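Read-outs: derived from the displayed coordinates by stated rules, not from any lab. Note that the structure is predicted; figures quoted are calculated from it, not measured. Backbone-built Cβ (ideal geometry, glycine too); neighbour counts: all protein chains shown.
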Amino acid sequence: MPKLMIERSVVIEAPVELVYALVCDFQRWPEWSPWLSAEKDAALSFGDDGKSYAWDGAIVGRGEMRIQNAQVNESLQMQLSLLKPWKSQSAVSFRFSEENGGTRVVWRMEGSLPFFLFFMRPMMETLIGMDYERGLAMLKDLAELGAVPSTIELLPGQTRESCRYVGLVRTCSLAEMPDCMKTDFGRLQAFFEANQLSLSGGAFSIYSKWDLSKAEVEYSACFPVASKPDALPAEFVYREMPQVDAYVVEHTGAYRNLGNAWSAGMLRGRQKVFKQSKKVFPFEVYVTEIDSVPESEIVTRVYFPLA
């Protein structure tokens, strides 16, 4: 059986006692779970002893998590049992330790894939690792802010008109992507300001390639324009986005939680809720300027073009 091992950690500016309480209480998991955020109406049930919970959803599948051993404010040992889309069992653990006045949380999973999915191991380790990173980011928000600034709304059957755009194309690691995108949009902004150019709509990013085995992404940072600017730098591209019909997931909240919208859409694509185009790449549109509203009110729409 192909073995899996995923481990991610985060430092949370909150006491160990508070963070431990949020993780050991399964009733709080819907507030920060990276999977339950994708299907808020999944059926949940909680053990009378408080040591287990089970879920059953059309999108997130079916399974159970059970606490097997707990060292208060230090560690939790759990068993994860998946029943759908395939059967498997994994050992899950959380470790908690004080660090610089806050709490370091280490989330680890050890398990395996069905033998016929051996070729998916690198991709699955990346995907589950991304889920763990999203979950820890939301746990951090919940502990530090008292709430997670992230909600999603499903908007099927949307049409987006064609547009021309100026963009920068880059390939980078998933870990580098936030800093790279900040740099690329900064370069676009500087060029537009220097040449007194105006955007003809909201900025957006196109994701043309995901290599999950290598944890890399190819994207284009884009500013829509009415026409091609003069003296366009050689490294900039000028292209046209076609009109598309799309399944849209609208995210309201901090950019650091935007992966929740992508996960919700990609899971629905895999479950055949919609048929995604192979010719037009998915993209995200920044409806709200980041500096114009509190982060809890930032609106971003993720478009999954339809076949």
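When each pair of different Cα atoms in region 25-79 is counted once in the 1/r mean, what is the Kirkwood radius in angstroms, to one decimal?
Kirkwood hydrodynamic radius for region 25-79: 11.9 Å.
Calculate one ³J(HN,Hα) per residue across region 166-176 by plugging θ = phi - 60° into the Karplus curve 6.51 cos²θ - 1.76 cosθ + 1.60, and present them in order as whole Hz with x for glycine and proline.
For region 166-176, the Karplus-derived couplings read 9, x, 10, 9, 8, 10, 8, 6, 4, 5, 7 Hz, x marking Gly and Pro.
Using amide H atoms built 1.01 Å from N in the peptide plane, name the residues 5+ places from Q276, or on other chains, whose amide H lies under 5 Å from its own.
Under 5 Å from the amide H of Q276 lie the amide H atoms of A307, each far enough along the sequence or on another chain.
Using the Cα centre of the chain as origin and beta-carbon charges of +1 (Lys, Arg) and -1 (Asp, Glu), tell me which of A14, M266, S150 is placed farthest towards the positive end of the dipole.
Value computed over the given set: M266.
Evaluate the relative contact order of region 155-305 (contact order divided by residue number), counting alpha-carbon pairs under 8 angstrom at least 6 apart; express in whole percent.
31 percent.
Can you give the Rg to Rh ratio for region 198-256, taking only C-alpha atoms and Rh from Kirkwood?
Ratio value, two decimals: 1.01.
Only counting other Cβ atoms within 10 Å, I'd like M123, M5 sorted with the fewest neighbours first.
Placing the least packed residue first, the sequence is M5, M123.
Please give the contour-minus-distance gain from E235 to K275: 0.36 nm per residue of separation, less the Cα-Cα distance, rounded to one decimal in nm.
11.0 nm
Select from Q68, V285, S90 the residue farthest towards the positive end of the dipole of the chain; place +1 on Cβ of Lys and Arg, -1 on Cβ of Asp and Glu, and compute about the Cα centre.
S90
Which helices count as membrane-span-like in the chain under these terms: full DSSP H, at least 15 Å along the axis by C-alpha, Kyte-Doolittle mean of 0.5 or more?
none
Can you list the HN-Hα couplings for region 83-96, worked out from phi with the Karplus curve (6.51, -1.76, 1.60; θ = phi - 60°), rounded to whole Hz and with x for Gly and Pro?
With the stated coefficients, region 83-96 comes to 10, 8, x, 9, 8, 6, 10, 9, 8, 10, 9, 10, 10, 10 Hz.
Given contacts defined as C-alpha pairs under 8 Å and at least six residues apart, what's the relative contact order of region 174-261, whole-number percent?
Reported relative contact order: 22 percent.
Largest first and in whole Å, give the semi-axes of the chain's equivalent ellipsoid, each being the square root of 5 times a Cα gyration tensor eigenvalue.
Over the Cα atoms of the chain, the ellipsoid semi-axes are 37, 22, 18 Å.
In terms of Cα to Cα distance under 20 Å, which lysines are near enough to K275, apart from those fewer than 8 places away along the same chain?
Hits, sequence-local ones excluded: K209.
If packing is taken as the average count of other Cβ atoms within 10 Å, what order do 296-304, 102-110 fall into, highest mean first?
Listed from highest to lowest mean packing, they are 296-304, 102-110.
Counting only the backbone N, which residues of region 138-165 are under 14 Å from the spot 7 Å out from the Cα of L44 toward its beta-carbon?
139, 148
Over all directions, the average projected area of the alpha-carbon convex hull for region 155-305 comes to how many nm²?
Result: 9.2 nm².
Express the relative contact order of the chain as a whole percentage, based on alpha carbon pairs under 8 Å and six or more residues apart in sequence.
18 percent.
Using unit Cβ charges (K, R positive; D, E negative) and no other charged atoms, how large, in debye to the nearest 20, is the dipole of the chain about its Cα centre?
Dipole of the chain, to the nearest 20 debye: 1340 debye.
Of the trypsin sites (Lys or Arg not before Pro) in region 165-272, which ones lie in a loop per DSSP and count no more than 15 other C-beta atoms within 10 Å?
When the trypsin sites (Lys or Arg not before Pro) of region 165-272 are filtered for loop state and at most 15 Cβ neighbours within 10 Å, K214, K272 remain.
Restricting things to alpha carbons, tell me how big region 232-307 is in terms of Rg and Dmax, in Å.
Reported Rg and Dmax, both Å: 14.4, 42.
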